[in-house]
């Protein structure tokens, strides 16, 4: 048994842009499924799925990111392995095609959990990650605000992993870091479940949204009910966003309170669904 869910960001999507976004998350799902179906690891599946979304300028992550007020793209990403309790993250990293892969290298090859700013960028380039110009990363500033991509997977060994990546908010201050690279806010994984969050980071951090949803699952809630509770909790402080989650039984949950959140998943029973 395996399960995988991906999202393309909760936000104010224009209706004419949604078909392309839905195609994008479905492509990412297919890449992850191809790994899991051949008994690949959950950590490989979420990394590869998010890399597909980072390469797609329809999404605010990697290529397609928003620039800050200085005109620079600063990206955040996190990857977490629920089977080990470890995670790696990067914040305000520049000139990288795949921040999620740098986050994984931080997790696996350094004693640290989070690298930020110039240090994160320097580490990535020193370790052979491809440089990409700022101009090629910047997305279409005319499209409405949406935020973040993510994936959660359960593999055949029962291991859970999560990945979240973002280009941040449009016209943010230089150096601003949102919820995405914060463990417990933008992502969380343990042996029981994984959660990826999307939305306005300043609110998501205040409620530790990903951990809030995971705690609901730990209390016995289904993933769907826990996701609904998390978004209700976020709304209590006037926050907007969405979450996706999978538990150890392969049950999938998702909820959002924005105009749309493109998603695609296959659950532990093999049921597939795509929508927004």
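Computed from the coordinates by the stated procedures, all read-outs in this text should not be read as laboratory data. Since the structure is predicted, the reported quantities are computational estimates derived from the model, not experimental observations. Cβ placement follows ideal geometry from the backbone for every residue including glycine, while neighbour counts extend to all protein chains displayed.
Give the calculated FRET efficiency between residue 259 and residue 176 to the nearest 0.05, with a Förster radius of 22 Å applied to their Cβ-Cβ distance.
0.40
How many angstrom separate the Cα center of region 207-247 from the Cα center of region 74-117? Computed from Cα coordinates, the inter-centre distance equals 23 Å. Once you reduce region 14-34 and region 256-276 to the center of their Cα atoms, the two points are 10 Å from each other.
Quick one: of the DSSP bridges fully inside region 88-240, what percent are antiparallel, nearest 5? Write out the running numbers ahead of the final one.
Numbers: 10 of 14 bridges.
Percentage antiparallel, nearest 5: 70.
DSSP beta bridges fully contained in region 1-118 are about 65 percent antiparallel. Using the beta-carbon distance between residue 108 and residue 272 and R0 = 30 Å, what value does 1/(1 + (r/R0)^6) give for FRET efficiency, to the nearest 0.05? Taking R0 as 30 Å, the efficiency between residue 108 and residue 272 is 0.45.
Of all the options 248, 219, 97, the one that moves most in a Gaussian network model of the chain with Cα springs shorter than 10 angstrom is 219.
Tally the DSSP beta bridges in region 74-157 and give the antiparallel ones as a percent, rounded to 5.
Working: 7 of 10 bridges.
Roughly 70 percent of the beta bridges in region 74-157 run antiparallel, per DSSP.
Which FRET efficiency, nearest 0.05, do residue 225 and residue 86 yield, Cβ-Cβ r, R0 35 Å? Can you show the working numbers first?
On the way: r = 28 Å, r/R0 = 0.81.
Efficiency, rounded to the nearest 0.05: 0.80.
GNM remark for the chain: springs join alpha carbons under 10 Å apart, and the peak mean-square fluctuation among 154, 115, 136 falls on 136.
Give the shape of region 3-75 as rounded, prolate or oblate, defined through the alpha-carbon gyration tensor: a ≥ b ≥ c are the square roots of its eigenvalues, a/c under 1.5 means rounded, and otherwise the shape is prolate if a/b is larger than b/c and oblate if not.
Numbers: a/c = 3.05, a/b = 1.63, b/c = 1.87.
It comes out oblate by the Cα gyration axes.
Distance from a point 7 Å along Cα→Cβ of residue 157 to each backbone N in region 53-87: keep the residues under 12 Å and list them by number. Only 82-84 fall inside the zone, counting backbone N under 12 Å.
From the Cα gyration tensor of the chain, with a ≥ b ≥ c the square roots of its eigenvalues, which class applies: rounded if a/c is under 1.5, or else prolate if a/b is larger than b/c, or else oblate?
Details: a/c = 1.40, a/b = 1.22, b/c = 1.15.
Here the chain falls in the rounded category.
Of 129, 263, how do they rank once you tally other Cβ atoms within 10 Å and put the fewest first? Going from least to most buried by this count: 129, 263. Among 43, 138, the ranking by other beta carbons within 10 Å of each residue's beta carbon, starting with the fewest, stands as 138, 43. Taken along the Cα-to-beta-carbon direction at a fixed 7 Å, the label points for residue 34 and residue 70 span 3.9 nm. Neighbour counting of Cβ atoms within 10 Å sorts the residues 193, 113, fewest neighbours leading, into 113, 193.
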